[in-house]
Amino acid sequence: MPKTPQAIRGTQDIFGPDAEAFAFVVETFERVRKLYRFRRVEMPVFEKTEVFARSIGETTDIVSKEMYSFDDRGGESLTLRPEFTAGIARAYLSNGWQQYAPVKLATHGPLFRYERPQKGRYRQFHQIDAEIIGAAEPQADVELLAMADQLLKELGIEGVTLHLNTLGDGDSREAWRAALVDHFRAVKDELSEDSQERLEKNPLRILDSKDRRDQRFVADAPKIDQFLSDDARAFFDAVTSGLDAAGVKWQRAESLVRGLDYYRHTAFEFIPDEGSEAAGKLGSQSTILGGGRYDGLMESLGGAATPAVGWAAGIERLAMLVGEREEDALELAVVVEGDTEQLHSAGVRTAMMARSEGVAAEVFAAGSPRKRFDKAVKSGAKVIMAFGEDGEGNLQAPRMKGDEADIERVSHALREFALKLRD
RNA sequence: GCGAUCGUAGCUCAGUUGGUUAGAGCGCCGGUUUGUGGUACCGGAGGUCGCGGGUUCGAACCCCGUCGAUCGCCCCA
């Protein structure tokens with residue numbers, strides 16, 4: 001016997017209730033996205049490596065060690081997408097979608113990151129994604145967040161709050177960053193090992209360190225608000241008042257920064273409330289939906305300066321929060337009581353007629369007659385219909401079992417089909 | 001990349017300080033409950049105890065390695 005190959009680490013085969021929950025998330029997203037008139041876009045799963053390296057930031061962990069990169073036969077370095085935004089930006093530029101600007105785009109699909117798998121985190125994972133490109137106004141941020149908020153509500157997810165921050169414009173962000181470095185460098189020796197390293201690579205990240213040693217110094221660290229330009233402040237005020245008007249609840253998160261270089265102004269995450277049921281289900285992964293404004297991204301890919309905002313959410317994480325979803329019930333189970341040609345065709349034909357009229361049907365025609373009934377009963381079918389023959393081999397009229405209303409609905413469907421045949 | 005815990009039947013798990021042919025439930029297949037049938041009962045198939053070494057008269061159990069899984073750290077959705 002040849003050995004069965006193992007699945008790749010960090011990949012998942014999703015089935016049953018989990019797969020139903022996954023589908024429910026995607027279907028709900030598709031429905032909500034249409035309500036906000038986001039247009040569907042499909043993109044390649046892989047790109048030239050530089051697309052991600054240049055836009056996400058060379059020094060980020062994603063680019064430096066988490067990308068699935070490989071050389072193709074022509075010797076070009078390609079990478080399985082670790083996120084959507086960079087690819088969408090590339091597509092926007094290479095297809096001249098400026099002509100549609102401002103344009104609202106939505107997509108979903110698999111992403112890849114070479115990371116150690118754990119609860120709510122995989123090497124191949126899936127996201128839903130929404131972007132507004134070419135809109136500089138804070139109203140775009142508001143609309144995008146309103147959609148996220150509505151999506152979570154329609155998924156029935158509770159105990160999750162929008163954490164909101166601003167990183168200011170490019171200058172504000174740089175000034176803040178410099179002040180933070182000064183602040184933390186003064187106490188460098190007392191910081192955790194991780195944060196000493198972050199000081200060089202990504203000082204903003206020290207702000208949400210989980211280490212107690214760092215948290216003492218985080219409290220009195222410089223705040224972004226001190227460095228905001230008037231424009232940046234006005235922008236953020238417009239976003240928050242817009243959210244209030246739209247009825248989207250939010251809370252200020254002064255130390256919320258996002259990992260990627262391209263963020264400016266608005267940054268946000270939807271995070272389960274401390275101690276909530278949702279928080280428990282997610283383990284140590286807390287963010288279920290995150291994003292922000294990335295006004296500088298297009299330029300890093302050689303395009304004209306183009307304002308944009310977007311977010312992405314992990315489908316697996318959302319699916320964990322929507323909980324078990326049962327598959328739709330079987331409506332009609334057709335049991336064939338023997339193995340003659342006549343009986344089998346009767347069963348197959350009946351199921352076909354039912355399905356043509358939108359009634360979910362399945363035929364049970366394997367194993368002993370007793371097992372067929374057992375399986376039909378266990379299938380949870382609302383109506384069981386049995387075909388048998390009399391002693392002389394004549395097909396008997398089918399017998400139906402189930403609630404009167406259910407039987408009537410199935411019978412009605414079968415009659416409808418017969419009527420159409422006659423016309 | 002680092003740490004902790006765990007790998008026994010298709011699935012969920014027992015397996016007493018190391019001691020005969022490794023068990024149960026569910027699922028699957030066949031049958032009985034002398035008619036139609038979610039019950040109950042009987043029987044059957046199915047296991048290199050993750051893999052490789054070692055210790056021992058003897059290893060599912062102890063030791064080392066390795067692979068995998070889970071959870072956490074880093075980072076992130």
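The values are calculated or read from the model by the stated rules, or taken from the named source; none is laboratory data. None of these values were measured; they are calculated from a predicted model. Every residue, glycine among them, receives a Cβ derived from its backbone with ideal geometry; neighbour counts consider all protein chains shown. Heads up: the accessible areas ignore ligands, DNA and RNA and are worked out on the full protein's heavy atoms, side chains in. Shrake-Rupley method; radii C 1.70, N 1.55, O 1.52, S 1.80 Å.
Tabulated data for the structure shown
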{"read-out": "Condition met for A:M298 (in a helix (DSSP H, G or I) and either within 12 Å of RNA strand B (Cβ to nearest atom) or out of contact with any helix residue (DSSP H, G or I) (no Cβ under 7 Å at 6 or more places or on another chain) (or both))", "value": "no"}
{"read-out": "Any pair with Cβ under 9 angstrom, 6 or more apart, that starts in region A:279-303 at a residue that is without any contact (Cβ under 8 Å) to a residue 40 or more places away in the chain and ends at one that is open to solvent by 40 Å² or more (accessible area, probe 1.4 Å) and more than 11 Å from RNA strand B (Cβ to nearest atom)", "value": "A:E299/A:A305"}
{"read-out": "Among the residues listed as A:F84, A:F112, A:F70, the single one being out of contact with any His (no Cβ under 6 Å at 6 or more places or on another chain) and within 30 Å of A:Q139 (Cβ to Cβ)", "value": "A:F84"}
{"read-out": "Matching entry among A:A333, A:A354, A:A319 (being modelled with pLDDT of 90 or more, under 37 Å from the mean Cα position of the chain (by Cα), in a strand (DSSP E or B) and surrounded by 15 or more Cβ atoms within 10 Å (Cβ to Cβ))", "value": "A:A333"}
{"read-out": "Selection from region A:99-146 of residues that are of a type in the set (S, T, N, Q) and touching a residue at least 12 places away in the same chain (Cβ under 8 Å)", "value": "A:T107, A:Q118, A:Q124, A:Q127, A:Q139"}
{"read-out": "Qualifying residue in region A:139-156 (condition: more than 14 Å from A:G310 (Cβ to Cβ), in contact with a Gly (Cβ under 9 Å, 6 or more places away or on another chain) and of a type in the set (S, T, N, Q))", "value": "yes"}
{"read-out": "Subset tally (residues that are open to solvent by less than 40 Å² (accessible area, probe 1.4 Å) and in a loop (DSSP other than H, G, I, E, B)) for region A:301-316", "value": "4"}
{"read-out": "Matching entry among A:G290, A:G280 (being open to solvent by 30 Å² or more (accessible area, probe 1.4 Å) and within 13 Å of RNA strand B (Cβ to nearest atom))", "value": "A:G280"}
{"read-out": "Residue match in region A:91-111 (condition: in the same structural domain as A:M298 (by TED's automatic domain parsing) and within 11 Å of RNA strand B (Cβ to nearest atom))", "value": "yes"}
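Conditions tested, residue by residue: (1) within 25 Å of A:L151 (Cα to Cα); (2) within 16 Å of RNA strand B (Cβ to nearest atom).
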position: A:D208; (1), (2): no, yes
position: A:F217; (1), (2): no, yes
position: A:I224; (1), (2): no, no
position: A:A238; (1), (2): yes, no
position: A:A245; (1), (2): yes, no
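Listed here are the residues, each with its yes/no results for (1) among the basic types (K, R); (2) under 30 Å from A:A106 (Cα atoms); (3) more than 15 Å from RNA strand B (Cβ to nearest atom).
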| residue | (1), (2), (3) |
| --- | --- |
| A:G323 | no, yes, yes |
| A:L330 | no, no, no |
| A:A354 | no, no, yes |
| A:S379 | no, no, no |
